[in-house]
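Colleague: Once you've had a glance at the structure underneath, I'll fire off some questions.
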2 protein chains.
Amino acid sequence: VTELPIAPNQTRPDDVLVLGAGLAGLTVGWELAAAGCRVRILDREAPGQATSRVAAGMLAPVTEAEPDDPQQLALGRAALARWPGYAAELEAASGIVVPLRRRPTLAVARDRDEAEALERFAGIRERLGLPVERLLPSAARTLEPALAPTLRGALAVPDEQAVDPRVVVRALAVAAGDAGARIATGPGSAVEELLHDGTRVTGARTADGLELRSEAVVIAAGSWSGRVPGLPGRDRLPVRPVKGQLLVLRDPQGPGMVERVLRFGAGYLVPRDDGRYVLGATTEERGFDHATTAWAVHDLLRDGAELVPGLLELELRETLAGLRPATPDGHPAIGPSPGLAGLWWATGHYRNGVLLAPLTGTLLADRMLGRPTDEALQAIVDPARPALTPTPEDARA
Amino acid sequence: VTELPIAPNQTRPDDVLVLGAGLAGLTVGWELAAAGCRVRILDREAPGQATSRVAAGMLAPVTEAEPDDPQQLALGRAALARWPGYAAELEAASGIVVPLRRRPTLAVARDRDEAEALERFAGIRERLGLPVERLLPSAARTLEPALAPTLRGALAVPDEQAVDPRVVVRALAVAAGDAGARIATGPGSAVEELLHDGTRVTGARTADGLELRSEAVVIAAGSWSGRVPGLPGRDRLPVRPVKGQLLVLRDPQGPGMVERVLRFGAGYLVPRDDGRYVLGATTEERGFDHATTAWAVHDLLRDGAELVPGLLELELRETLAGLRPATPDGHPAIGPSPGLAGLWWATGHYRNGVLLAPLTGTLLADRMLGRPTDEALQAIVDPARPALTPTPEDARA
């Protein structure tokens with residue numbers, strides 16, 4: 001842990017505007033407010049209504065990382081280690097229970113190709129010194145009797161967990177508010193223009209015509225982060241939306257049909273404590289389109305039912321689409337902008353927004369407040385890294 | 001056309017309460033208000049929000065009738081004949097365009113069993129002297145190029161039409177209101193008790209505590225009609241809910257992918273004028289359960305895509321479940337109760353609520369106001385017929 005200097009063009013702000021009341025904005029707002037900053041969080045929608053509520057909430061750094069990306073893995077593992085303590089702090093601060101699902105995740109194979117992929121995944125975990133247990137289909141079905149008899153094999157992954165992002169959003173909004181952050185949401189609180197004098201930010205103007213002054217602005221607007229109106233071209237971070245569709249099912253009999261997070265092929269099934277299940281997800285490059293489509297719903301149900309036939313007996317409560325904010329190198333952007341002074345980023349979390357939420361608040365606040373921090377992690381998420389340089393096309397967009 | 005006597009225990013009312021603001025209640029309310037009655041329509045929800053908005057809106061008396069039920073067929077055909085004039089009157093009265101889809105319905109077969117069923121259906125139409133045209137798969141695909149090449153055969157049914165029930169609800173609410181009917185909706189307008197003195201109705205008490213006096217009460221509450229609180233046992237009409245699930249899809253490119261109503265097996269696809277499509281429907285005996293289920297959504301999409309593969313490319317906008325009000329003999333109950341004086345029924349329309357809406361208003365108003373009417377049709381829908389006698393179980397429920 002080193003005390004990084006505050007970036008050369010940054011000063012410790014007393015007064016911060018956070019653009020975006022999703023998980024990233026809320027965790028940043030909570031951390032800064034708790035540290036004594038004057039924090040206002042702005043969003044055109046209620047907290048967590050854009051992408052955060054569509055997240056499945058798996059805390060799965062190894063499963064989600066590309067095998068050849070040690071930086072992503074280091075970031076994810078540090079984030080996972082933060083979660084139990086973070087959940088406890090969040091519960092204490094908000095009075096809202098934030099349950100972590102701690103039973104081992106089961107990664108399962110439905111055919112030979114998936115069985116081979118599972119074996120590769122087991123090998124990666126073993127090389128990393130992480131626990132993994134190979135299970136015969138019969139053993140997997142003893143743990144989860146709802147699994148189809150056609151199951152080919154399974155791995156138990158004991159260290160990956162899950163959390164309900166909607167609960168986290170609710171708890172964060174309370175915790176941030178109690179720490180003194182003001183959360184202003186609704187169409188009038190949409191930012192119409194980022195205000196700056198050419199070298200440093202001075203605030204933002206909202207749709208209801210208010211001009212808000214601040215020393216610092218944190219952009220935590222997910223897929224929309226690079227498009228905040230008024231951003232100079234050199235500050236148009238190249239974040240793009242990657243659409244994910246998923247379903248919320250509900251067992252009217254209550255919880256218990258499936259107890260563990262199940263992963264299969266590109267899909268997953270995440271049980272919640274109240275009998276709901278999240279079944280996901282597609283990965284689509286469709287720009288800002290967020291329609292739910294017939295094929296996605298059909299394929300998710302077909303693939304899920306191949307694994308857990310009883311899924312088809314459940315109620316279908318929600319069909320959802322969210323826009324994961326992706327960066328060119330797949331890592332988030334957390335820290336000072338290399339452009340305008342007073343401009344900070346907390347975005348680009350792609351598939352890992354829930355997992356990385358606690359670390360995002362800490363890493364950003366460390367930089368903004370000049371606190372000791374983890375230099376290696378800061379380097380991974382540095383918004384000034386070459387991969388995040390806006391292309392001429394981004395800058396013009 | 002005969003002038004039927006008003007039922008022995010009924011008198012022509014000046015003042016009518018209609019329980020239910022679905023299609024049945026609205027069409028009755030419009031007709032009675034236009035004839036000079038003082039009409040109040042009550043519902044716990046906004047007009048048409050329970051079952052009417054879930055209807056596909058096919059005007060298909062032959063397709064929907066059981067082949068061995070000439071009464072149902074006679075009723076349906078009379079109703080279909082009313083629709084063009086009714087739509088024109090409704091447009092004129094409301095100022096809202098009520099488009100009828102007049103292109104021939106295509107009944108299609110995907111396999112040999114369905115091809116045989118189609119041939120039986122063609123035979124029924126021919127015996128009834130109704131037009132029907134057998135099409136080779138290639139001819140069907142010339143009409144509707146979105147049909148799958150695996151199509152086995154098709155019939156063109158020129159006289160069946162379709163209408164958007166949500167448009168009809170909006171237009172009826174305006175027309176009824178302009179004719180002087182008062183429509184009171186919302187939780188406070190739920191009926192808490194039907195009021196009567198043991199021999200005749202005196203009004204109703206609503207959830208917000210109002211006691212409304214009236215000479216006549218029309219129960220047009222769909223599947224809930226037999227359960228209006230305060231109904232004496234002998235007036236508990238045996239109406240039961242039959243659940244139907246369906247999907248609303250939408251083509252972001254607008255209308256045109258499919259131009260005709262398509263029928264296949266137990267399913268149908270109904271195009272709307274704005275690029276939406278209704279894909280239905282299940283038929284389930286599940287009491288008042290109206291959850292949408294994973295299996296239904298999966299099966300509807302799978303079966304629909306087998307017929308029109310392009311369906312899977314559409315947006316999935318709504319997953320819906322409605323409760324069709326079914327009677328023991330499958331015919332509606334329209335007319336005076338054999339029990340309490342001043343009590344009238346307009347319910348039990350099962351799968352044909354949209355088709356029968358115009359006729360329902362006319363048949364009921366004819367009886368209530370002592371106007372000339374069609375005696376044969378009145379006999380079919382008479383609430384006093386033996387099939388509608390409440391069982392001891394209904395009476396206790």
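The values are calculated or read from the model by the stated rules, or taken from the named source; none is laboratory data. Computed from a predicted model, the values in this text were never measured in an experiment. In this analysis, Cβ positions are derived from the backbone assuming ideal geometry, glycine residues included, and neighbour counts consider all displayed protein chains. The area values use the complete protein model at the heavy-atom level, side chains included, leaving out ligands, DNA and RNA. Shrake-Rupley method; radii C 1.70, N 1.55, O 1.52, S 1.80 Å.
Colleague: Identify all residues within segment B:281-338 that are part of a helix (DSSP H, G or I) and touching a strand residue (DSSP E or B) at 6+ places or on another chain (Cβ under 6 Å); write none if there are none. Even if it seems obvious, please write down each step before you answer.
Modeller: Initially, segment B:281-338 is screened for residues part of a helix (DSSP H, G or I), giving B:294-307, B:309-313.
B:Ala294, B:Ala296, B:Val297, B:Leu300, B:Asp303, B:Gly304, B:Leu307, listed by residue number.
Colleague: From B:Arg134, B:Arg110, B:Arg102, grab the single residue that is among the basic types (Lys, Arg) and surrounded by 15 or more Cβ atoms within 10 Å (Cβ to Cβ). Please lay out each step first, then the result.
Modeller: Details: B:Arg134 fails: surrounded by 15 or more Cβ atoms within 10 Å (Cβ to Cβ); B:Arg102 fails: surrounded by 15 or more Cβ atoms within 10 Å (Cβ to Cβ).
After applying the criteria, what remains is B:Arg110.
Colleague: So A:Val157 clears everything in (1) over 30 Å from A:Glu45 (Cβ atoms); (2) open to solvent by 10 Å² or more (accessible area, probe 1.4 Å); (3) not basic (Lys, Arg) except one condition, right? Which one?
Modeller: Going through the list (1) over 30 Å from A:Glu45 (Cβ atoms); (2) open to solvent by 10 Å² or more (accessible area, probe 1.4 Å); (3) not basic (Lys, Arg), A:Val157 breaks only (2).
Colleague: Here's a follow-up. When segment B:252-271 is examined, which residues are found to be in contact (Cβ under 8 Å) with a residue 60 or more places away in the chain, assigned to a loop (DSSP other than H, G, I, E, B) and open to solvent by 20 Å² or more (accessible area, probe 1.4 Å)?
Modeller: Restricting attention to segment B:252-271, the residues satisfying the condition of being in contact (Cβ under 8 Å) with a residue 60 or more places away in the chain are B:252, B:257-265, B:268, B:270-271.
Applying the additional criterion that residues be assigned to a loop (DSSP other than H, G, I, E, B) yields B:252, B:257-261, B:265.
Of everything in segment B:252-271, those that are in contact (Cβ under 8 Å) with a residue 60 or more places away in the chain, assigned to a loop (DSSP other than H, G, I, E, B) and open to solvent by 20 Å² or more (accessible area, probe 1.4 Å) turn out to be B:Pro252, B:Met257, B:Glu259, B:Arg260, B:Gly265.
Colleague: Another one. Of (1) open to solvent by less than 40 Å² (accessible area, probe 1.4 Å); (2) in contact with a Phe, Trp or Tyr (Cβ under 9 Å, 6 or more places away or on another chain), B:Asp164 satisfies all except one. Which?
Modeller: Among (1) open to solvent by less than 40 Å² (accessible area, probe 1.4 Å); (2) in contact with a Phe, Trp or Tyr (Cβ under 9 Å, 6 or more places away or on another chain), B:Asp164 violates only (2).
Yes/no matrix, rows are residues, columns are (1) in a helix (DSSP H, G or I); (2) among the small types (Gly, Ala, Ser); (3) within 16 Å of B:Pro165 (Cα to Cα); (4) touching a residue at least 12 places away in the same chain (Cβ under 8 Å):
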residue: B:Ala46; (1), (2), (3), (4): no, yes, yes, yes
residue: B:Leu73; (1), (2), (3), (4): yes, no, no, yes
residue: B:Ala79; (1), (2), (3), (4): yes, yes, yes, yes
residue: B:Ala92; (1), (2), (3), (4): yes, yes, no, no
residue: B:Val98; (1), (2), (3), (4): no, no, yes, yes
residue: B:Val108; (1), (2), (3), (4): no, no, no, yes
residue: B:Asp113; (1), (2), (3), (4): yes, no, no, no
residue: B:Gly123; (1), (2), (3), (4): yes, yes, no, no
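Colleague: Quick one: in segment B:31-42, which of the residues that are open to solvent by 30 Å² or more (accessible area, probe 1.4 Å), in contact (Cβ under 8 Å) with a residue 40 or more places away in the chain and over 24 Å from B:Ala376 (Cβ atoms) is farthest from the chain's Cα centre (by Cα)? Give the derivation first.
Modeller: Start the filter on segment B:31-42 by keeping residues that are open to solvent by 30 Å² or more (accessible area, probe 1.4 Å), which leaves B:31, B:34-36, B:38, B:40.
Adding the requirement that they be in contact (Cβ under 8 Å) with a residue 40 or more places away in the chain leaves B:31, B:34-35, B:38, B:40.
In the following step, the residues that additionally are over 24 Å from B:Ala376 (Cβ atoms) were identified as B:34, B:38, B:40.
Numbers: B:Ala34: 22, B:Arg38: 25, B:Arg40: 21 Å.
So, considering only residues that are open to solvent by 30 Å² or more (accessible area, probe 1.4 Å), in contact (Cβ under 8 Å) with a residue 40 or more places away in the chain and over 24 Å from B:Ala376 (Cβ atoms), the one farthest from the chain's Cα centre (by Cα) is B:Arg38.
Colleague: Also, quick follow-up: Between A:Ala291, A:Ala321, A:Ala333, A:Ala281, which is among the small types (Gly, Ala, Ser) and surrounded by fewer than 21 Cβ atoms within 10 Å (Cβ to Cβ)?
Modeller: On the way: A:Ala321 fails: surrounded by fewer than 21 Cβ atoms within 10 Å (Cβ to Cβ); A:Ala333 fails: surrounded by fewer than 21 Cβ atoms within 10 Å (Cβ to Cβ); A:Ala281 fails: surrounded by fewer than 21 Cβ atoms within 10 Å (Cβ to Cβ).
Among A:Ala291, A:Ala321, A:Ala333, A:Ala281, only A:Ala291 is among the small types (Gly, Ala, Ser) and surrounded by fewer than 21 Cβ atoms within 10 Å (Cβ to Cβ).
Colleague: (1) closer than 28 Å to B:Leu356 by Cβ; (2) touching a residue at least 40 places away in the same chain (Cβ under 8 Å); (3) of a type outside the set (Gly, Ala, Ser): which one isn't true of B:Pro131, the others all being true?
Modeller: (2)
Colleague: Also: Among the residues of segment B:299-343, how many are within 14 Å of chain A (Cβ to nearest Cβ), touching a residue at least 60 places away in the same chain (Cβ under 8 Å) and either over 30 Å from A:Ala321 (Cβ atoms) or among the aliphatic types (A, V, I, L, M) (or both)?
Modeller: The qualifying residues number 7.
Colleague: Might you check whether a residue that is open to solvent by less than 60 Å² (accessible area, probe 1.4 Å), among the β-branched types (Val, Ile, Thr), touching an Asp or Glu at 6+ places or on another chain (Cβ under 8 Å) and over 30 Å from B:Asp382 (Cα atoms) occurs anywhere in segment B:79-96?
Modeller: There is no residue in segment B:79-96 that is open to solvent by less than 60 Å² (accessible area, probe 1.4 Å), among the β-branched types (Val, Ile, Thr), touching an Asp or Glu at 6+ places or on another chain (Cβ under 8 Å) and over 30 Å from B:Asp382 (Cα atoms).
Colleague: Can you pull out every residue in segment A:50-71 that is over 16 Å from the mean Cα position of the chain (by Cα) and in a helix (DSSP H, G or I)? Outline the logic, then answer.
Modeller: Taking segment A:50-71 as the starting set, the residues that turn out to be over 16 Å from the mean Cα position of the chain (by Cα) are A:66-71.
Correct list: A:Pro70, A:Gln71.
Colleague: Report whether or not B:Thr185 is at pLDDT 95 or above, in contact with a strand residue (DSSP E or B) (Cβ under 6 Å, 6 or more places away or on another chain), surrounded by fewer than 21 Cβ atoms within 10 Å (Cβ to Cβ) and farther than 19 Å from B:Pro13 by Cα. Walk me through it before giving the result.
Modeller: Numbers: at pLDDT 95 or above: yes; in contact with a strand residue (DSSP E or B) (Cβ under 6 Å, 6 or more places away or on another chain): yes; surrounded by fewer than 21 Cβ atoms within 10 Å (Cβ to Cβ): yes; farther than 19 Å from B:Pro13 by Cα: yes.
Answer is yes for this residue.
Colleague: To continue, here is another question. Of the numbered conditions (1) in a loop (DSSP other than H, G, I, E, B); (2) within 12 Å of chain A (Cβ to nearest Cβ); (3) open to solvent by less than 10 Å² (accessible area, probe 1.4 Å), B:Val248 satisfies every one except a single condition; which is it?
Modeller: In the conditions (1) in a loop (DSSP other than H, G, I, E, B); (2) within 12 Å of chain A (Cβ to nearest Cβ); (3) open to solvent by less than 10 Å² (accessible area, probe 1.4 Å), B:Val248 misses (1) alone.
Colleague: Give me a count of the residues in segment B:360-396 that are open to solvent by 40 Å² or more (accessible area, probe 1.4 Å) and not in a helix (DSSP H, G or I).
Modeller: 7
Colleague: For A:Lys243, only one of the following conditions fails: (1) under 21 Å from B:Leu279 (Cβ atoms); (2) touching a His at 6+ places or on another chain (Cβ under 9 Å). What is its number?
Modeller: Looking at each condition in turn, A:Lys243 falls short on (1).
Colleague: Another question about this same structure. Tell me which of these A:Gln161 doesn't satisfy, since it passes every other one: (1) within 24 Å of A:Pro70 (Cβ to Cβ); (2) in contact (Cβ under 8 Å) with a residue 40 or more places away in the chain; (3) in contact with an Asp or Glu (Cβ under 9 Å, 6 or more places away or on another chain).
Modeller: Only one criterion in (1) within 24 Å of A:Pro70 (Cβ to Cβ); (2) in contact (Cβ under 8 Å) with a residue 40 or more places away in the chain; (3) in contact with an Asp or Glu (Cβ under 9 Å, 6 or more places away or on another chain) is unmet by A:Gln161, namely (3).
Colleague: Give me the residue from segment B:195-241 that is of a type in the set (A, V, I, L, M) and without any contact (Cβ under 8 Å) to a residue 40 or more places away in the chain and, out of that set, nearest to B:Gly322 (Cα to Cα). Break it down stepwise before answering.
Modeller: Filtering segment B:195-241 for residues of a type in the set (A, V, I, L, M) gives B:195, B:201, B:204, B:207, B:210, B:212, B:216-221, B:228, B:231, B:237, B:239.
Retained after the next criterion (residues that are without any contact (Cβ under 8 Å) to a residue 40 or more places away in the chain): B:195, B:210, B:231.
On the way: B:Leu195: 29, B:Leu210: 29, B:Leu231: 24 Å.
That would be B:Leu231.
Colleague: Does segment A:266-274 include one or more residues that are at pLDDT below 95 and under 18 Å from the mean Cα position of the chain (by Cα)?
Modeller: yes
Colleague: Which one of the conditions (1) of a type in the set (D, E, K, R); (2) within 30 Å of B:Arg302 (Cβ to Cβ); (3) away from chain A (no Cβ under 14 Å) does B:Arg371 fail to meet, given that it meets all the rest?
Modeller: Only one criterion in (1) of a type in the set (D, E, K, R); (2) within 30 Å of B:Arg302 (Cβ to Cβ); (3) away from chain A (no Cβ under 14 Å) is unmet by B:Arg371, namely (2).
Colleague: I'd like to verify a number: residues in segment B:59-96 that are in contact with a Ser or Thr (Cβ under 9 Å, 6 or more places away or on another chain) and modelled with pLDDT under 95, how many?
Modeller: 2
Colleague: Taking strands (runs of 3 or more DSSP E) that fall entirely within segment A:154-232, which contain at least 2 residues that are of a type in the set (Val, Ile, Thr)? Give the derivation first.
Modeller: On the way: elements: A:161-163, A:182-185, A:191-196, A:201-206, A:211-213, A:216-219.
Passing ranges, in order: A:182-185, A:201-206, A:216-219.
Colleague: Another question, if that's okay. Report, ordered by the first and then the second residue, all pairs with beta carbons closer than 8 Å, sequence separation of six or more or different chains, a first member in segment A:378-397 that is closer than 16 Å to A:Gly233 by Cα, and a second member that is open to solvent by less than 40 Å² (accessible area, probe 1.4 Å) and in a helix (DSSP H, G or I).
Modeller: Here the result reads A:Pro390/A:Gly226; A:Pro390/A:Gly233; A:Pro390/A:Asp235; A:Asp394/A:Gly226; A:Asp394/A:Gly233; A:Ala395/A:Gly233; A:Arg396/A:Gly233; A:Ala397/A:Gly226, each pair linking segment A:378-397 to a residue that is open to solvent by less than 40 Å² (accessible area, probe 1.4 Å) and in a helix (DSSP H, G or I).
Colleague: Only one residue in B:Gly29, B:Gly36 is part of a loop (DSSP other than H, G, I, E, B) and within 16 Å of B:Glu215 (Cα to Cα). Which one? Quick ask: steps written out before the conclusion?
Modeller: Numbers: B:Gly29 fails: part of a loop (DSSP other than H, G, I, E, B).
Matching residue, one of B:Gly29, B:Gly36: B:Gly36.
Colleague: Quick check, is B:Ala357 of a type in the set (Gly, Ala, Ser) and either within 14 Å of another protein chain (Cβ to nearest Cβ) or part of a helix (DSSP H, G or I) (or both)?
Modeller: Yes; evaluated as a whole, the condition is true for this residue.
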